[in-house]
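Enquirer: Can you read through this structure? Questions will come right after.
The values are calculated or read from the model by the stated rules, or taken from the named source; none is laboratory data. In this text, all values refer to a predicted model and were calculated from it rather than measured experimentally. Quick reminder, even Gly has a Cβ in these numbers, built from the backbone with ideal geometry, and neighbours come from all protein chains shown. Side chains included, ligands, DNA and RNA excluded: accessible areas come from the protein's heavy atoms. Shrake-Rupley method; radii C 1.70, N 1.55, O 1.52, S 1.80 Å.
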Amino acid sequence: MVHSPIEEIKSRIDIVDLVGSYIRLQKAGANFKALCPFHNERTASFNVSPARQIWHCFGCSKGGDIFQFIKEIEGMDFPEALMLLADRAGVVITREDPALRSERNRLLALMEEATKFFEANLAIGLPLGNPIAKYLHQRGLKDETIKEFRLGYAPDEWRALSTHLAAKRFTSAEMEKAGLAVGRRQTRTDTQTNADGYDRFRGRIMFPIFDYQGRAIAFGGRVFPERDHEAKYINSPETPLYQKSKILYGLHRAKSEIFKTGQVVVVEGYMDMMMAYQAGVRNVVASSGTAFGIDQMQILRRLCDRLAVAFDMDIAGQAAADRSIQLALQSGFDITVMDLGAYKDPADAVRADPVFFQNAASSARHIVQFYIDHALRLHAPHTPEGKRACERMVLPVVASLSSELERAHWVRILSDLLRIGEDVLWRTLARLRSGSGAPQEREVFTDSQHTPSRKDLLEERILGMLASSPTLAAQYLAHLNDALFGNDRLPILLHLRGKAALADSARAALGRIVLESDSMLESITDVDGEFQHSCHELQKEYIKERMGELSAAISRAEQAASPKLQELLLEFQEFSQQLSQLNT
Ligand SMILES: [Zn+2]
């Protein structure tokens, strides 16, 4: 029997491995649980079933198979997800498939070509010490790091890259879309305007910016040689491939180590990131100068729960109010602060003393402790000045902690240290939390469905138990009355009997139902009794529903003096008798 590529891929990739490579899964009975990567939550409602090879989130109702997961988490369309998983599974899919020729793939190929072009330009004469390589070496980068992060050079010419890409059959419209060419006149056709556009990056050392998979999607360019009239750094604009707020520099290299250690070290610039990585701190990413946003925070939160930052001591006071730190605390991160001593940034520290930096990363202090130390550098804790410094610097940080237990822990410590009653500290915290838009759990629900009725829930329960338990299925599946099931769930019943394929929406519903049932079945002992009871209750709900319909029909028939009235009354009576039998 010939498998379709999709079936072949599904048979080769285990959903637990796949999902587990993105987020931290914890075993829960037969299934796995995690914090949902698709909505903001603090208690795990994301479930993965290895037996069924499906996932479902009870918080945001997303769910499906491995393809659905990749589409959601990578923001891909189906053909892209198919390619990614085919690669992973070692299944060959012919590239001629028209569904796979998406614009994104064209742009990714273009960016890869550009990266190679820049790399080749830097490599020319690299061992002989060309000035660019010399500059990078002076900054502390080793050749292997330069290669690993694929640094390159954009020649100081107007159209070096454009010409190269045109020879590779990329259009100037595509170059512009990828953010690599500018100045093309819109009024003419592509072929005519080819010469009109020019390269965005000229005379610059190029730092490719990679997506989670390690594909180049943008560039940062540092001017070289120095020129007075030009910006030191320029970056790619936002493109269909590159959304600044969702990218962390270096994550493609650091992700597995972040996942493994449960901690991420966040630094500011590309150089800081590469230098730290080179020094053996491999769980490091750079925020690339911009403020850390909620999207980036969520990407990291999927991988780990501890975050280490390095502050410049002179601006530490300002950093307390920093939105990024607040956001990280509110996302539930445990934050520690690295002490860089006299060094001005991580790159500086690594260059001078790689071992010092490694130690600083592993011995980072809890952020509250860091601020306590900082506030009390100049004043004894029980002096009025010391108390004020703590109120100003430390309490706002404590107020942002997402865990009540953790807040209590620090209140206790501060109370002892400052010799102030805990009640006073709690009052101050309450004021800070209410005043500053204090952390609130932001749950996002897609509440498009109506509230399920008791009958809906019973149908789901029965179908779930049948899908979860082969014993129940063997005994009851064939004998269930189809009429008991509503339009949304009848297809699932038929599917379980092996008689119908499922539409996507029903498939998602089945996933949710089965996962709910799995966890329910673990907690009950008399599975058969529970099942029969559910069927009994469903029958009652069905009869009540029919009686409701009938009584409406009866009053209509009465008003219209319809000849059908007698028939309807008899039917109503029959149902009513059935119901009283069921109730005894
Ligand atoms: Zn969710």
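Enquirer: Quick one: of the DSSP bridges fully inside the chain, what percent are antiparallel, nearest 5?
Expert: Around 70 percent of the beta bridges assigned by DSSP in the chain are antiparallel ones.
Enquirer: What's the angle, to the nearest 10 degrees (0 to 90), between helix 78-89's Cα axis and the longest principal axis of the chain?
Expert: 80
Enquirer: In addition: Could you calculate the contour length gain from Ala231 to Glu549, that is, 0.36 nm times the residue separation minus the distance between their Cα atoms, to one decimal place in nm?
Expert: Working: separation 318, 0.36 × 318 = 114.48 nm, distance 7.43 nm.
My answer for the length gained is 107.0 nm.
Enquirer: Which of rounded, prolate or oblate describes region 5-100 when judged by the alpha-carbon gyration tensor and an a/c cut-off of 1.5? Mind dumping the intermediate values first?
Expert: Values: a/c = 2.69, a/b = 1.75, b/c = 1.54.
Prolate shape, in that a/c is at least 1.5 and a/b is the bigger ratio.
Enquirer: More than 44 Å apart: what percent of Cα pairs in the chain qualify?
Expert: 39
Enquirer: Shifting gears a bit: Protein chains only, probe 1.4 Å: how do Trp410, Trp426 rank by accessible area, largest first? Write out the running numbers ahead of the final one.
Expert: Working: Trp410 15, Trp426 75 Å².
Putting Trp410, Trp426 in descending order of accessible area: Trp426, Trp410.
Enquirer: Also, quick follow-up: If the limit is 20 Å between Cα atoms, which of Lys71/Lys246; Lys33/Lys246; Lys455/Lys499; Lys177/Lys244; Lys27/Lys260 go over it?
Expert: Long pairs (Cα-Cα over 20 Å): Lys33/Lys246; Lys455/Lys499.
Enquirer: A further question follows. Accessible area per residue of the chain at 1.4 Å probe, in Å²?
Expert: 50
Enquirer: Arrange the residues Phe170, Phe259 by how much accessible surface each exposes, largest first, with a 1.4 angstrom probe.
Expert: Phe259, Phe170
Enquirer: Given a 1.4 Å probe and the protein chains all in place, what does the accessible area of Met547 round to, in Å² to the nearest 10?
Expert: About 30 Å², ignoring ligands and nucleic acids.
Enquirer: Now a separate question. How do Leu405, Leu417, Leu466 stack up against each other in accessible area, from largest to smallest, with a 1.4 angstrom probe?
Expert: Leu405, Leu417, Leu466
Enquirer: Could you tell me whether region 103-242 comes out rounded, prolate or oblate from its Cα gyration tensor? Rule is a ≥ b ≥ c as square roots of the eigenvalues, rounded for a/c under 1.5, then prolate if a/b exceeds b/c, otherwise oblate.
Expert: Because a/c hits 1.5 or more and a/b exceeds b/c, region 103-242 counts as prolate.
Enquirer: Could you pull the accessible area for Met76 with a 1.4 Å probe, rounded to 10 Å²?
Expert: Using a 1.4 Å probe on the heavy atoms, I get roughly 20 Å².
Enquirer: Relative contact order for the chain: what percent, with Cα pairs under 8 Å and sequence separation of 6 or more?
Expert: 10
Enquirer: Less than 20 Å apart at the alpha-carbon level, and either on another chain or at least 8 residues along: which aspartates and glutamates does that give for Lys168?
Expert: Glu96, Glu103, Glu112, Glu113, Glu119, Glu157, Glu176, Asp190, Asp196, Asp199
Enquirer: Could you check the simple spin-label distance between Ala500 and Arg431, using points 7 Å along Cα→Cβ, in nm with one decimal?
Expert: Between Ala500 and Arg431, the label points sit 6.4 nm apart.
Enquirer: Okay, next question. Given the whole protein assembly as supplied and a 1.4 Å probe, what does the accessible area of Ser505 come to in Å², nearest 10?
Expert: Ignoring ligands and nucleic acids, Ser505 comes out at about 90 Å².
Enquirer: Related question: Heavy atoms only, probe 1.4 Å: what % of the accessible area of the chain goes to carbon and sulfur, would you let me know? Before the final figure, lay out each step's value.
Expert: On the way: 14930 of 29100 Å².
Its accessible area is 51 percent carbon and sulfur atoms.
Enquirer: Quick one: grab the alpha carbon gyration tensor of region 454-583, order the square roots of its eigenvalues as a ≥ b ≥ c, and give me rounded if a/c is under 1.5, else prolate or oblate depending on whether a/b is larger than b/c. Let's see the in-between values first.
Expert: Numbers: a/c = 2.81, a/b = 1.93, b/c = 1.46.
Verdict is prolate for region 454-583.
Enquirer: Can you give me the relative contact order of region 506-584 as a percent, contacts being Cα pairs under 8 Å and 6 or more apart?
Expert: Working: 23 pairs, mean separation 22.9, N = 79.
Answer for region 506-584 is 29 percent.
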